[in-house]
1. If Lys and Arg each add +1 and Asp and Glu each add -1, what is the summed charge of the other residues whose beta carbon sits under 9 Å from the beta carbon of Ala128?
2. List the GluC sites (Glu not before Pro) within the stretch 43-140 that DSSP assigns to loop and that have no more than 16 neighbouring Cβ atoms inside 10 Å.
3. Taking the Cα centre of the chain as the origin, how large is its charge dipole in debye, to the nearest 20, when only Lys and Arg (+1) and Asp and Glu (-1) carry charge on their Cβ atoms?
4. Calculate for the chain the 222 nm mean residue ellipticity that helices alone would give, adding -39,500 (n - 2.57) per DSSP H run of length 4 or more and normalising by residue count, nearest 500 deg cm²/dmol.
5. Give the angle, between 0 and 90 degrees and rounded to the nearest 10, that separates the Cα long axis of helix 2-15 from the longest principal axis of the Cα atoms of the chain.
6. Among Leu65, Pro108, Ile26, pick out the residue whose Cα is farthest towards the positive end of the charge dipole of the stretch 17-137, where Lys and Arg carry +1 and Asp and Glu carry -1 on C-beta, about the Cα centre.
7. Count the net charge of all other residues whose Cβ sits under 13 Å from the Cβ of Thr96, scoring Lys and Arg as +1 and Asp and Glu as -1.
8. May I have the extent of the alpha carbons of the chain along their three principal axes, as whole Å values ordered from largest to smallest?
Amino acid sequence: MTFLIFAFILPAFAQDKVDIFGYYSIVKAPKAFSDISELHLGGDYGEMQNPKFYGFIRMKSKRALDFRLLKPSLNGKNFTFSTKTVGKINYKFVGTFTRLGDFPELKPNGEIVLKGTLSKYRGKKRIASAYVKFSYFAGD
């Protein structure tokens with residue numbers, strides 16, 4: 001009888017796997033953030049790297065440097081991150097995932113899966129802030 005219980009429980013655990021790896025685009029980016037191409041989250045793949053790779057904000061300009069993410073925090077569906085400073089500019093985000101799952105497997109391409117407040121700083125001074133929605137895409 002114990003075997004049968006485990007046979008039904010194991011698939012439920014497998015469905016609960018969370019991996020946020022992927023690329024996220026701002027939907028209808030406000031002017032202050034229109035130069036952002038995408039947010040890339042390293043997910044499980046980044047956690048396995050040495051040193052760990054959390055992701056970056058990539059700008060649309062091919063010559064612009066990426067804003068590498070410092071260790072982000074995922075607590076339930078709540079998600080926060082900040083970036084390293086590049087040319088006196090850095091970003092911070094506080095928001096929530098609308099859903100979670102194994103995104104590389106599920107590939108919720110085009111679906112809005114992340115919402116929250118993105119802020120842009122020059123030094124310690126906040127120069128822009130907006131509520132944004134991010135849609136997911138798996139990448140190439």
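A short reminder: the numbers here are calculations on the coordinates, not readings from a lab. Please read all numbers here as calculations on a predicted model, not as lab measurements. Neighbour counts run over all protein chains shown; Cβ positions are idealised from the backbone, glycine included.
1. Numbers: positive: Lys31, Lys120, Arg126; negative: none.
Local net charge: +3.
2. On the way: sites: Glu47, Glu105, Glu111; in loops: Glu111.
Counting only loop positions with at most 16 other Cβ atoms within 10 Å, the GluC sites (Glu not before Pro) in the stretch 43-140 are Glu111.
3. Numbers: 23 positive and 11 negative charges, 252 e Å.
With Lys and Arg at +1 and Asp and Glu at -1, about 1220 debye.
4. On the way: 3 runs with 24 residues, N = 140.
Estimated from H runs of four or more residues: -4500 deg cm²/dmol.
5. The two axes meet at around 20 degrees.
6. Projecting each Cα onto the dipole axis, the largest value belongs to Leu65.
7. Working: positive: Lys77, Arg99, Lys115, Lys133; negative: none.
Summing Lys and Arg as +1 and Asp and Glu as -1 gives +4.
8. Result for the chain: principal-axis Cα extents of 62, 33, 29 Å.
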